[in-house]
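Everything below concerns the one structure shown next.
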Amino acid sequence: MHPRGYPSKSTVFFARMTLQIVYDRLMNANSLLVLCLSLWSTPASGEALNIDLGGGFSTPPASTYGAAAYQPGFWNPVNLVKNDLVDINGNSTPVRYASEANGGFLLDIQGATPDDKLLMDSALSVQSTRSAATFSNLQPGLYDLYIYCWAGNLLGPKDVTIRAFTGAGQVVGGVRYGEQWPGQQVLGETYDKLRVEVTPGDGQYIDIAIQAFGDFNVINGVQLVPIPAPATLTLAPAALLACRRRRR
């Protein structure tokens with residue numbers, strides 16, 4: 001017999017078992033959700049860099065400026081050689097930059113926003129047969145290159161071929177610009193976007209060439225945006241699907 005108002009031992013046991021089952025299911029669901037979020041948000045391993053070429057001739061853009069890559073952060077003002085480039089978070093990296101440019105100059109672009117003007121006004125004069133910009137000691141992996149190339153008020157109109165070489169081969173793109181600044185950064189007119197793969201060993205480099213008719217051409221800046229490994233991108237949707245099923 002049990003005193004009136006007190007549950008039986010079997011009732012207490014059943015209640016405890018029910019609570020334990022509910023707790024275990026909640027913990028499993030939360031653990032899987034954390035796994036989903038960690039897979040989805042795994043950062044890329046390469047260096048994220050903003051480069052203002054010819055930067056010694058003008059002030060670099062503000063760290064709030066992301067340009068066409070929407071990658072705000074520190075901008076490296078460089079000319080012909082620079083060791084230990086700084087990433088977008090202000091951290092020193094082992095990445096080295098070098099150029100075979102003839103030198104830098106100012107374009108005095110009219111009609112550009114203040115930060116667009118700071119990036120694009122300063123440029124390097126390059127020849128088609130020489131390297132416009134080489135980055136070495138990079139982390140292996142995929143990168144999106146945003147290569148800024150515009151000098152319409154000086155050389156336009158003009159068709160320019162842009163080549164990016166790595167240990168995996170070359171990727172070819174280009175821009176076509178007129179004599180007037182278009183008012184903002186425009187893909188295929190003021191910059192091009194190329195995806196390249198940096199392979200392990202052999203300097204782990206990206207070499208950029210700017211090729212067009214005429215005595216010289218220009219390059220205004222480069223952004224290197226590391227891309228997450230493909231395995232991360234394929235695992236994340238599967239994990240999210242599992243989260244949905246478990247929550248049902």
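Here G73, G66, G54 are screened, and the one residue that is in contact with a Pro (Cβ under 6 Å, 6 or more places away or on another chain), surrounded by 14 or more Cβ atoms within 10 Å (Cβ to Cβ) and either aliphatic (A, V, I, L, M) or modelled with pLDDT of 55 or more (or both) is G66. Every test in (1) among the hydrophobic types (A, V, I, L, M, F, W, C); (2) out of contact with any strand residue (DSSP E or B) (no Cβ under 6 Å at 6 or more places or on another chain); (3) closer than 16 Å to V225 by Cβ is passed by L142 save one, and that test is (2).
Taking every residue in region 162-181 that is free of Cβ contacts under 8 Å to residues at least 24 places away in the same chain and pairing it with any residue that is buried (at least 17 other Cβ atoms within 10 Å of the Cβ), at least 6 positions away or on another chain, the pairs with Cβ-Cβ distances below 7 Å are Q170/R163; Q170/A164; V172/R163; G174/V160; G174/I162; G174/D192; R176/E189.
A count restricted to region 116-145 and to residues that are closer than 13 Å to Q223 by Cβ and touching a helix residue (DSSP H, G or I) at 6+ places or on another chain (Cβ under 8 Å) stands at 2. Could you say whether any residue in region 210-230 is within 22 Å of G103 (Cα to Cα), in contact with a helix residue (DSSP H, G or I) (Cβ under 9 Å, 6 or more places away or on another chain), at pLDDT below 95 and aliphatic (A, V, I, L, M)? There is at least one residue in region 210-230 that is within 22 Å of G103 (Cα to Cα), in contact with a helix residue (DSSP H, G or I) (Cβ under 9 Å, 6 or more places away or on another chain), at pLDDT below 95 and aliphatic (A, V, I, L, M).
The number of residues in region 167-200 being basic (K, R) and over 15 Å from C149 (Cβ atoms) comes to 1. So, Y148, is that one within 17 Å of the chain's Cα centre (by Cα), of a type in the set (F, W, Y) and within 10 Å of V218 (Cα to Cα) or not? For Y148, the condition - within 17 Å of the chain's Cα centre (by Cα), of a type in the set (F, W, Y) and within 10 Å of V218 (Cα to Cα) - is met. Taking the condition in contact with a strand residue (DSSP E or B) (Cβ under 9 Å, 6 or more places away or on another chain) and outside any loop (DSSP other than H, G, I, E, B), does T134 pass? Criteria met by T134. Here region 65-98 is the region considered, the condition is being touching a helix residue (DSSP H, G or I) at 6+ places or on another chain (Cβ under 8 Å) and polar (S, T, N, Q), and the residue that is nearest to A132 (Cα to Cα) is N79. Put simply, of R176, R163, R96 the only residue that is surrounded by fewer than 19 Cβ atoms within 10 Å (Cβ to Cβ), at pLDDT 95 or above and touching a Ser or Thr at 6+ places or on another chain (Cβ under 9 Å) is R96.
Are any residues in region 65-79 touching a residue at least 24 places away in the same chain (Cβ under 8 Å) and either of a type in the set (D, E, K, R) or part of a loop (DSSP other than H, G, I, E, B) (or both), and if so, which ones?
Those that are touching a residue at least 24 places away in the same chain (Cβ under 8 Å) and either of a type in the set (D, E, K, R) or part of a loop (DSSP other than H, G, I, E, B) (or both): Y65, Q71, G73, F74, W75, N79.
The values are calculated or read from the model by the stated rules, or taken from the named source; none is laboratory data. Values in this document were obtained by computation on a predicted structure and should not be read as measured data. For neighbour counting, all protein chains shown are included, and Cβ atoms are generated from backbone atoms with ideal geometry for every residue, glycine included.
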